[in-house]
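Peer 1: Shown below is the structure under consideration.
The values are calculated or read from the model by the stated rules, or taken from the named source; none is laboratory data. Only a predicted model underlies this, so the values are computations on that prediction, with no experimental measurement involved. As a convention, Cβ positions derive from the backbone with ideal geometry for all residues, glycine included, and neighbour counts pool all protein chains shown. Surface areas here come from the heavy atoms of the whole protein model, side chains and all, with no ligands, DNA or RNA. Shrake-Rupley method; radii C 1.70, N 1.55, O 1.52, S 1.80 Å.
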Amino acid sequence: PGSIIWHLELIAGVWTKLSPLTTFVATFFLNSAFNYWRDFYWTARSIQGRFNDVQLIVSSYAARDRNGAIKEEAKQALDDVARMQRIFHQLFWSVAVKRFNSLHSPEGLSYLRSFRLITESEYDSLIEVTSNGLGVHYAALLFLTSRIVLAKKRGEIELDTAASQMLLDKITTIRGKMGRIADLFDGRMPMSYVHFVNMLVSTLIFLSPLALFPILYYWSIPAVGILTLFYKGILTLSLMFLDPVDNDAYHSKFIESTGFDVGVLVREVNAGSMRWAGCASALPKSYLKPSKENEDMNTNY
């Protein structure tokens, strides 16, 4: 027994030196993974914000008749822009999130058409793009931009030069942010770094029963359980932070996840696509032509 304890004490010496290194590396890895998750989250939110900017600008510049009401052709243009914005956003996430990949397939596009979320001509164009392997979300962004440009030429949306430039800047920002989402997936963490952290944690936990027995004896049993819970928990939580939309099959067995619900982003963008046009239709009539009420208020001010 004495010889066995002596050998276990040698293992305990190695474990004692390995423990601080593993603690530092694992906690640093967790912090880096959380920073990645937060960067991914705010990039997705900034995409949503730029969509709202686009709708705010086009709705504010919608053409109006002599009575101040939005013209029918302008309403149609706003409806088209809002619909293409919703479709573009949904198709983008269907590419980025694996469980939604079926949406940008011919069957998925047919599903969108059956619910009249896209028109027949838009469906035909997207099918053509799909067959050519050009990417339906890229095509939807082009359709959105082209519809705004055509609306300006037809006088449906009366954009001036400054507003046009700002609008195009918002659209290109959306494209850049969506490209950043793909880049974040590709460069989230070097695989060798992940393997190194996993090796450290696994080695520490594997040696813990042998290393703690000479120190704690039978109390080493609950101690090993506590160490396993925290160290493996840190590693698992880090890996979940590195998968913000639950693309990795490894996390499918977890009931709870740190991934955020992409469906919430889609629903919020859908609501925002209709919000600004509705507000533009409710513009106070006193804003459209001078009135005695406005003159009195300006005088008092």
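Peer 1: Check whether at least one residue in region 99-112 is open to solvent by less than 60 Å² (accessible area, probe 1.4 Å), in contact (Cβ under 8 Å) with a residue 24 or more places away in the chain, in a helix (DSSP H, G or I) and hydroxyl-bearing (Ser, Thr, Tyr), and report yes or no.
Peer 2: The answer is no; no qualifying residue exists.
Peer 1: Count, please, the residues in region 126-141 that happen to be surrounded by fewer than 17 Cβ atoms within 10 Å (Cβ to Cβ) and more than 23 Å from Phe40 (Cβ to Cβ).
Peer 2: Within region 126-141, residues that are surrounded by fewer than 17 Cβ atoms within 10 Å (Cβ to Cβ) and more than 23 Å from Phe40 (Cβ to Cβ) number 6.
Peer 1: Right, another one. Of the conditions (1) over 25 Å from the mean Cα position of the chain (by Cα); (2) assigned to a helix (DSSP H, G or I); (3) surrounded by fewer than 15 Cβ atoms within 10 Å (Cβ to Cβ), Thr22 fails just one. Which one is it?
Peer 2: Status for Thr22: all satisfied but (3).
Peer 1: Quick check, is Ser291 of a type outside the set (A, V, I, L, M, F, W, C), at pLDDT below 90, farther than 18 Å from Ala96 by Cβ and open to solvent by less than 80 Å² (accessible area, probe 1.4 Å)?
Peer 2: yes
Peer 1: While we're here: Going through Met166, Met178, Met191 one at a time, which residue ends up being open to solvent by 80 Å² or more (accessible area, probe 1.4 Å) and within 19 Å of Ala82 (Cα to Cα)?
Peer 2: Of Met166, Met178, Met191, the one residue that is open to solvent by 80 Å² or more (accessible area, probe 1.4 Å) and within 19 Å of Ala82 (Cα to Cα) is Met166.
Peer 1: Select from region 248-263 the residues that are assigned to a helix (DSSP H, G or I) and either at pLDDT 90 or above or of a type in the set (D, E, K, R) (or both) and list them in ascending order.
Peer 2: If the condition is that a residue be assigned to a helix (DSSP H, G or I) and either at pLDDT 90 or above or of a type in the set (D, E, K, R) (or both), then Lys253 is the only one that fits.
Peer 1: Please find, within region 33-69, the residue that is modelled with the lowest pLDDT out of those that are over 17 Å from Ile171 (Cα atoms), open to solvent by 10 Å² or more (accessible area, probe 1.4 Å) and hydrophobic (A, V, I, L, M, F, W, C).
Peer 2: Ala69
Peer 1: Please state which one of Lys17, Lys75 is in contact with a strand residue (DSSP E or B) (Cβ under 8 Å, 6 or more places away or on another chain), open to solvent by 30 Å² or more (accessible area, probe 1.4 Å) and in a helix (DSSP H, G or I).
Peer 2: Lys75
Peer 1: Would you tally the residues in region 200-214 being aromatic (Phe, Trp, Tyr), surrounded by fewer than 20 Cβ atoms within 10 Å (Cβ to Cβ) and touching a residue at least 40 places away in the same chain (Cβ under 8 Å)?
Peer 2: 0
Peer 1: Looking only at residues that are among the hydroxyl-bearing types (Ser, Thr, Tyr) and without any contact (Cβ under 8 Å) to a residue 12 or more places away in the chain in region 172-199, which one is nearest to Phe241 (Cα to Cα)?
Peer 2: Ser192
Peer 1: Still on this structure, please answer the following. Taking the stated definitions as given, is Ile118 open to solvent by less than 60 Å² (accessible area, probe 1.4 Å) and either within 30 Å of Ser19 (Cα to Cα) or assigned to a helix (DSSP H, G or I) (or both)?
Peer 2: Judged against the criteria, Ile118 is not a match.
Peer 1: Considering (1) within 20 Å of the chain's Cα centre (by Cα); (2) closer than 19 Å to Phe88 by Cβ; (3) assigned to a helix (DSSP H, G or I), say which one Val245 fails and leave the rest.
Peer 2: (3)
Peer 1: Evaluate the following for Leu229: is it open to solvent by less than 50 Å² (accessible area, probe 1.4 Å), of a type in the set (A, V, I, L, M, F, W, C) and part of a helix (DSSP H, G or I)?
Peer 2: Taking the combined requirement at face value, the residue does not satisfy it.
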